[in-house]
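Only one structure is covered here, and it is reproduced in the block below.
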Amino acid sequence: MSYFMTHLPSGWHVDQAIEVEEDRVVCIRFGHDWDPNCMVMDETLYGVQGKLQNFAVIYLVDITKVPDFNKMYELYDPCTLMFFYRNKHIMIDLGTGNNNKINWAISDKQEMIDIVETVYRGASKGRGLVVAPKDYSTRHKY
């Protein structure tokens, strides 16, 4: 599914995508197209892209072709999803301790829509940290 989505080929393109968008949340998936986790995430993102087009735009970045952000955003995981709004990184509290990004594959489309909608609502109110609609911590799993 990643072939149907917009890839950003350089660090300049990533910067421009973040800086230029004024009204929508910029969702950037950092990772590899061949990675199984990224394939699951790309399928979900492609499935919700039409429903999110009014308040979010989604881009994909290959971290080996564009290594500019690997140290700055600590992109050590195979698949990472980050959110930006009006040239500002929006953090999301998922209950996992890492508020900067989502570093696992989300396969549920409604869950992805809820997360992006929560990010948009919080960011449009000026918040830099939003709380996810669901707690993803492992302490509640028995």
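Data overview
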| read-out | value |
| --- | --- |
| Longest exposed-site-free window of the chain, the sites being GluC sites (Glu not before Pro) in a DSSP loop that have at most 13 other C-beta atoms within 10 Å | 75-142 |
| Counted charge near His13, where neighbours are those whose Cβ lies closer than 15 Å (Asp, Glu -1; Lys, Arg +1) | -3 |
| Summed side-chain charge close to Ile58 - residues other than Ile58 whose Cβ falls under 12 Å, Lys, Arg +1, Asp, Glu -1 | +1 |
| Fewest-first sequence of Ile106, Ile28 by Cβ atoms within 10 Å of each Cβ | Ile106, Ile28 |
| Net charge contributed by nearby residues that have their C-beta within less than 12 Å of Val119 (K/R +1, D/E -1) | +3 |
| Likely footprinting exposure, Lys51, Lys101, fewest C-beta neighbours within 10 Å first | Lys51, Lys101 |
| Karplus-derived 3J(HN,Hα), 6.51/-1.76/1.60, for each residue of segment 40-45, Hz, glycine and proline x | 5, 5, 5, 4, 5, 5 |
| Tally of Lys pairs whose C-alpha atoms are under 30 Å apart, taken over the chain, 8 or more apart or cross-chain | 26 |
| Per-residue ³J(HN,Hα) for segment 52-67, Karplus 6.51 cos²θ - 1.76 cosθ + 1.60, θ = phi - 60°, Hz, x for Gly and Pro | 9, 4, 7, 10, 8, 10, 10, 10, 10, 9, 7, 6, 8, 7, 10, x |
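Coordinate-derived values only; no laboratory data. Because the structure is predicted, anything quoted here is derived from the model rather than measured. Here the Cβ is made from the backbone with ideal geometry for all residues, glycine too, and neighbour counts use every protein chain on show.
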